[in-house]
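**Student:** To start, I am sharing the structure in question, which I have written as structure tokens.
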Amino acid sequence: MSRNDAAGAAITAAAGDSDVKKVNIVAALVCWLPAAVLAASLLMHVGLPNRQLVATAANYSLLLAVILAVYAAWAGVALLNPDRRPRLGRHAPLAAVAFGLLALYELVTLKLNLLPLPFFPSPVKIFEAFTNDAPVLAVSVLYSLRLLILGYAIGTLLGLPTGIMMGWYKQFHYWVNPLVRVIGPIPATAWIPVAMAVFPTSLSGSIFLIALATWFPVTVMTWSGVANVNKSYFEIARTLGADEKYLILRIALPAAMPMIFIGLFMGMGTSFVTLVVAEMLGVKAGLGWYIEWAQGWGEYYKVYAALAISAVLFSSVISLLFTVRDKALVWQRGLVKW
């Protein structure tokens, strides 16, 4: 290799190293974005005077300080350990924007009082609901989960066999299809007057509404999945001596699983909507009951707290459902995004 070639290679290598260092510096700075936004939020929260009345702002200040410490520690680890830097770097911009929007909302409410009370409480006031009403909110979450699990389980246990039989037996489809077409499209909440009149307790009526909201999408998607299974699968199995039970349980049902999980996902979404409305029928606890109770007293900061818990709870339940789906349908992992 000539001297010129060696010099060119050295210059190229140095330029490459410089580019890598620049990329690493940018990645490290991105990791510190959430901590920087949180530090600015904490300074604004402590430094600017309040224009709205709050019982205490110390708990919210402590919350901001704890989150700031967590993100600063996480960014420090990412700075020292480059292997963890990409993971934090993916979430850092989104977290920084979220914290920035929260700080902006605090600015226009607590600090400047630009939005009318009680409809737009500050984050400090909303956090008061978490600290002061923690026992009531915990009981409400447990009651909502109980109602959701019972109604969703009953709707699924009724929808799966109904859909399988509609897709497998033509006579059953002939008689049940009109019922599905008539009852299914009606929103479950429209049956509230009937549920209040027929069922002896508000709990049983609420379970009925959630089960009905779940039953329709599970039935339709299971029916579609079973009916659209490739017929050659059944012909080959019959040639090998398979009976009807084997055809349904070992061929039709596994082949329809992708459609069934779509029905389960749709049923979960409609059950969430129905749950909140059903809990306003007169049950003694639950997130829907808590929202109705807080709204009746004009305590909208408690309403926002319950909505935040509902968002986290329902999102976690759907994530759990998708985790089960990915394990059951390994070959379709990632096909449906959440």
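The values are calculated or read from the model by the stated rules, or taken from the named source; none is laboratory data. All of these numbers come straight from a predicted model, not from anything done at the bench. A quick note on method: Cβ atoms are made from the backbone with ideal geometry, for glycine too, and the neighbour counts reach across all protein chains shown.
**Student:** Read through the list (1) modelled with pLDDT of 85 or more; (2) buried (at least 17 other Cβ atoms within 10 Å of the Cβ), then give the number of the only condition that G298 fails.
**Tutor:** (2) is the only condition that G298 fails.
**Student:** Please verify whether the range 71-83 includes one or more residues that are within 24 Å of V276 (Cβ to Cβ), buried (at least 17 other Cβ atoms within 10 Å of the Cβ) and assigned by TED's automatic domain parsing to the domain that holds V37.
**Tutor:** The answer is no, given that none of the residues of the range 71-83 is within 24 Å of V276 (Cβ to Cβ), buried (at least 17 other Cβ atoms within 10 Å of the Cβ) and assigned by TED's automatic domain parsing to the domain that holds V37.
**Student:** Could you tell me whether any residue of the range 172-179 is assigned to a helix (DSSP H, G or I) and crowded, with 19+ Cβ neighbours inside 10 Å? Steps first, please.
**Tutor:** Residues of the range 172-179 that are assigned to a helix (DSSP H, G or I), as a first pass: 172-179.
From what is left, the residues that are crowded, with 19+ Cβ neighbours inside 10 Å are none.
Checked against the condition, which is being assigned to a helix (DSSP H, G or I) and crowded, with 19+ Cβ neighbours inside 10 Å, the range 172-179 yields no hits at all.
**Student:** Have a look at L88, L104, L137, L110 and point out the one that is over 30 Å from V283 (Cα atoms), in a helix (DSSP H, G or I), modelled with pLDDT of 90 or more and under 27 Å from the mean Cα position of the chain (by Cα).
**Tutor:** Working: L88 fails: modelled with pLDDT of 90 or more; L137 fails: over 30 Å from V283 (Cα atoms); L110 fails: under 27 Å from the mean Cα position of the chain (by Cα).
After ruling out the rest, the residue left standing is L104.
**Student:** Among (1) at pLDDT below 90; (2) assigned to a helix (DSSP H, G or I); (3) of a type in the set (A, V, I, L, M), there is one condition V336 misses while meeting the rest; what is its number?
**Tutor:** Tallying (1) at pLDDT below 90; (2) assigned to a helix (DSSP H, G or I); (3) of a type in the set (A, V, I, L, M), V336 fails exactly one: (2).
**Student:** Filter the range 233-268 down to residues that are among the small types (G, A, S) and within 17 Å of L157 (Cα to Cα) and give me whichever is surrounded by the fewest Cβ atoms within 10 Å (Cβ to Cβ).
**Tutor:** Our first condition is that a residue be among the small types (G, A, S); within the range 233-268, this holds for 237, 241-242, 252, 255-256, 263, 267.
Filter once more, keeping what is within 17 Å of L157 (Cα to Cα): 256, 263, 267.
Working: A256: 24, G263: 26, G267: 27.
Filtering first and then ranking leaves A256.
**Student:** Just give me the residues in the range 197-215 being out of contact with any helix residue (DSSP H, G or I) (no Cβ under 6 Å at 6 or more places or on another chain) and either buried (at least 23 other Cβ atoms within 10 Å of the Cβ) or of a type in the set (A, V, I, L, M) (or both), in sequence order. Full working, then the answer.
**Tutor:** Our first condition is that a residue be out of contact with any helix residue (DSSP H, G or I) (no Cβ under 6 Å at 6 or more places or on another chain); within the range 197-215, this holds for 197-198, 200-201, 203-204.
Selection gives A197, V198, L203.
**Student:** Out of all the residues in the range 269-286, which are crowded, with 24+ Cβ neighbours inside 10 Å, touching a Phe, Trp or Tyr at 6+ places or on another chain (Cβ under 8 Å) and modelled with pLDDT under 90?
**Tutor:** To start, the set of residues in the range 269-286 that are crowded, with 24+ Cβ neighbours inside 10 Å comprises 271, 274-275, 278-279, 286.
Add one more test, that the residue is touching a Phe, Trp or Tyr at 6+ places or on another chain (Cβ under 8 Å), and what stays is 271, 279, 286.
E279, G286 - these are the residues of the range 269-286 that are crowded, with 24+ Cβ neighbours inside 10 Å, touching a Phe, Trp or Tyr at 6+ places or on another chain (Cβ under 8 Å) and modelled with pLDDT under 90.
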